[in-house]
1. Quick one: label points 7 angstrom along Cα→Cβ at A:E193, distances to the other copies in nm, smallest first?
2. Taking every residue in B:172-180, how many Cβ atoms of other protein chains lie within 10 Å of its Cβ, on average?
3. Given a 1.4 Å probe, show me the residues in the stretch B:372-409 buried by at least 40 Å² of accessible surface when comparing the whole protein assembly to the chain alone.
4. Take the Cα radius of gyration of the stretch B:410-455 and divide it by 2.2 N^0.38 Å, with N its residue count; two decimals is plenty.
5. With each run of n ≥ 4 DSSP H residues scored as -39500 (n - 2.57), what mean residue ellipticity at 222 nm is computed for chain A after dividing by its residue count and rounding to the nearest 500 deg cm²/dmol?
6. What residues does the stretch B:79-120 have that are buried by at least 30 Å² of accessible area in the full protein assembly compared to the chain on its own, 1.4 angstrom probe?
7. Using Cα-Cα distances under 8 Å and only pairs 6 or more residues apart, what relative contact order does the stretch B:128-169 have, in percent?
8. If each Cα of the stretch B:115-192 is one equal point scatterer, what is log10 of I(q)/I(0) from the Debye formula at q = 0.11, 0.19, 0.25 Å⁻¹?
2 protein chains.
Amino acid sequence: MSENKIPYKIYLSENEMPTAWYNVRADMKTKPAPLLNPGTGKPLSAEELTPIFCEELVKQELDDNTAYFPIPQEILDFYKMYRPSPLVRAYCLEKALDTPAKIYYKFEGNNTSGSHKLNSAIAQAYYAKQQGLKGVTTETGAGQWGTALSMACAYLGLDCKVYMVKVSYEQKPFRREVMRTYGASVTPSPSMETEVGRKILAEHPGTTGSLGCAISEAVEVATKNPGYRYVLGSVLNQVLLHQSVIGLEAKAAFDKIGVKPDIIIGCAGGGSNLGGLISPFMGEKLRGEADYRFIAVEPASCPSFTRGKFAYDFCDTGMICPLAKMYTLGSGFIPSPNHAGGLRFHGMSPILSQLYHDGYMEARAVEQTSVFEAAEKFARTEGILPAPESSHAIKAAIDEALKCKETGEEKTILFGLTGTGYFDLVAYQQFNDGVMTDYIPSDEDLAKGLAALPQVPGQD
Amino acid sequence: MSENKIPYKIYLSENEMPTAWYNVRADMKTKPAPLLNPGTGKPLSAEELTPIFCEELVKQELDDNTAYFPIPQEILDFYKMYRPSPLVRAYCLEKALDTPAKIYYKFEGNNTSGSHKLNSAIAQAYYAKQQGLKGVTTETGAGQWGTALSMACAYLGLDCKVYMVKVSYEQKPFRREVMRTYGASVTPSPSMETEVGRKILAEHPGTTGSLGCAISEAVEVATKNPGYRYVLGSVLNQVLLHQSVIGLEAKAAFDKIGVKPDIIIGCAGGGSNLGGLISPFMGEKLRGEADYRFIAVEPASCPSFTRGKFAYDFCDTGMICPLAKMYTLGSGFIPSPNHAGGLRFHGMSPILSQLYHDGYMEARAVEQTSVFEAAEKFARTEGILPAPESSHAIKAAIDEALKCKETGEEKTILFGLTGTGYFDLVAYQQFNDGVMTDYIPSDEDLAKGLAALPQVPGQD
């Protein structure tokens, strides 16, 4: 197909949609380090994980060798309601930038959860249902993951208990109401429903909650109530496996039009979108079949890749979850209050951490006012109001396209547009009013978090 | 194509997209009555309309005979950013209802304006740009139309002045921020910027504004500032012309799979979505080529079709706009305060009014708690949180599908899913909390509005 015939949106037909997830670990020479039991310091066994996660998900979490996992038919049917997502040629953005670069984005925001999170939520809910469980528990901050999970559970008739950070529950009531419309119970955290919640409330009566506390409550409820398991929307190997559907679709769509991207860009918080987007392309690179530049983009206010340490650390602030080897700022790290949107996790997917450590990927940190400038330009030219998280990738894609303008290179750039910003308008208002600020943590600030990393045998 | 092979979503390819709008008036034996000058009582001439509307739009407004208007290339290009919209087979809803009916919906919500309004906004902004104008003015209530217009103006580099009802400006700040992100100026109405605004503020210092007042301000600014024109998102003939793209795409998608709908359902406020959806199908019916049942669904709290009068009336509460012959509740009619969402216009598109009057279409009124029950069922099964407006059509589609369950008929039902409910969560919260109420105006209430219709020669 000649270049000028490429449509604005490339959709796969339903029979071209991927029928198996791709597990990039199968092609990694150095596998991601195993999760450790924080008590014993030894790798966690399947038996130790099954009280927390569904059996099938434990298998997926621990399997470093199987390259493809067939997607069950019921999940494929659910995917058909909102997938395939379009691969979009950003003709209007290219024109506005006056760049010779060809810009594409894979848009995951055309569903009510507003992001790619639904791809893993339906998978995790499905396996819980298959195991005969009654329901699942989880935590949510602003509500993106909780919304996705509540949609998946409504579809499958599964109970969904969401612990929502109290300050978000009160100040961002809209995602809460979406979750309630889908039948989820949404509890402000800390709550009196759990031991850990009661303890925290007794010690800090006025607390507005934290993600770490909400995780602790969700895990407690899952492990104490028969028929419940805990689910998580990022970081885990299983999540990157499910999210590979993004990259598989993108690759199939590129193959359909006979185009090969040169640069692939994704925003990085816990790594679910970035890992999903790049997986099949990274597989080609790992197998020596093709080469791509991969760029992870993170907030300068939460720079785990670019300023963190590759070490074992807790996945949660409450230090009750397993230890994962990853780029981390320390489990006590919390972004400054002026940080808008997500990408606020202190660590990073162990798979992506290993790949970055081994030199297969670049990373850069960007400041949030420049991110919102990119978001505004994108909205005005491409017509989609992007999520703040996604806008980190937009910023890097624009920067790369402008470099092409200088050099005259016609590079093909792909970035992940993970979602829409319809529930992030408080941040847009700050930007529109000109009162948005940036924050870069000092070396001293970061050193404190890194000094508190747990003691693990063999770790510096 | 065999029934069981029909995909969940039917997308046209870009070269299958409509390249001309269809003007249903060309096939109507009885044309809609002309707009009248409220001062003289005589049909408005093109000369009288050009100070308010762009020249090309005036032509479209007054042309009852041309069947097809080619869509300019720049508008086609803009359409490609968010169109074609999918025709969706509601397999999951059918299964949940256990009905033999085949349910389809045309989904117009996958764009940042959140609705079909963008289809006409880009057209109206384009013709303003073509005429060399500086900008356009409009009013907005909750902000759906204003958002669409600001997106279109940002794309074309046109100034966009939106007068937003003050109570919405203050209580629903999120759509306001979307408009600002797209570069529109958003002014709470009534404002001190206009003569009419200053007059109203002097008389009613504490007023929170009304749509009628916002229209008056937008029209004043358009007519007093060289290089500006006023634009409107519904009711007008030109708007139904642009919105015909919805029905043309739907018909092409049905033709592609070899299916013909039996019943076509749309929600009706001013008529922009309903008119756009049904136009090409209605054309076939008017020409005697095919038969369809058309059902307009309106709120029981604002029942212009089912309880209004077919008569000349003002289009605005402020009584400064032309007179249109339509089903109306009287220009002073305002839905009760418990009415959620849009569909609150006192009148109805003159085209649709004439078609309904001539027996080509049915209409029914539904109460809002039943509408939100339908919305919740739809969200939980089909995965999309629908706009309250669209949910009126969902309610009627479910009712028709349940009738099929009783009779065993395998009817094919198409309804218009005009948009998403992401900015309507205050209403969803009322529903989730069980505090949503219904309201049906009494005959006495309606009689007051109908008694105040303007005096026009030849009108009862």
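1. Label-point separations across copies, in nm and ascending: 4.7.
2. Working: counts 0, 3, 8, 2, 3, 12, 7, 1, 7.
The per-residue average across the peptide is 5.
3. Hits at the 40 Å² cut-off: B:R380, B:G383, B:L385.
4. Values: Rg = 18.0 Å, N = 46, 2.2 N^0.38 = 9.4 Å.
Working it through for the stretch B:410-455, the quotient is 1.91.
5. Working: 18 runs with 193 residues, N = 460.
Taking each H run of at least 4 residues, the total per residue is -12500 deg cm²/dmol.
6. Residues of the stretch B:79-120 that lose at least 30 Å² of accessible area once the other chains are added: B:K80, B:M81, B:C92, B:N110, B:T112.
7. Relative contact order comes out at 48 percent.
8. These q points yield log10 I(q)/I(0) values of -0.24, -0.69, -1.10.
The values are calculated or read from the model by the stated rules, or taken from the named source; none is laboratory data. Only a predicted model underlies this, so the values are computations on that prediction, with no experimental measurement involved. Neighbour counts run over all protein chains shown; Cβ positions are idealised from the backbone, glycine included. These accessible areas exclude ligands, DNA and RNA; they are computed on the full protein's heavy atoms, side chains included. Shrake-Rupley method; radii C 1.70, N 1.55, O 1.52, S 1.80 Å.
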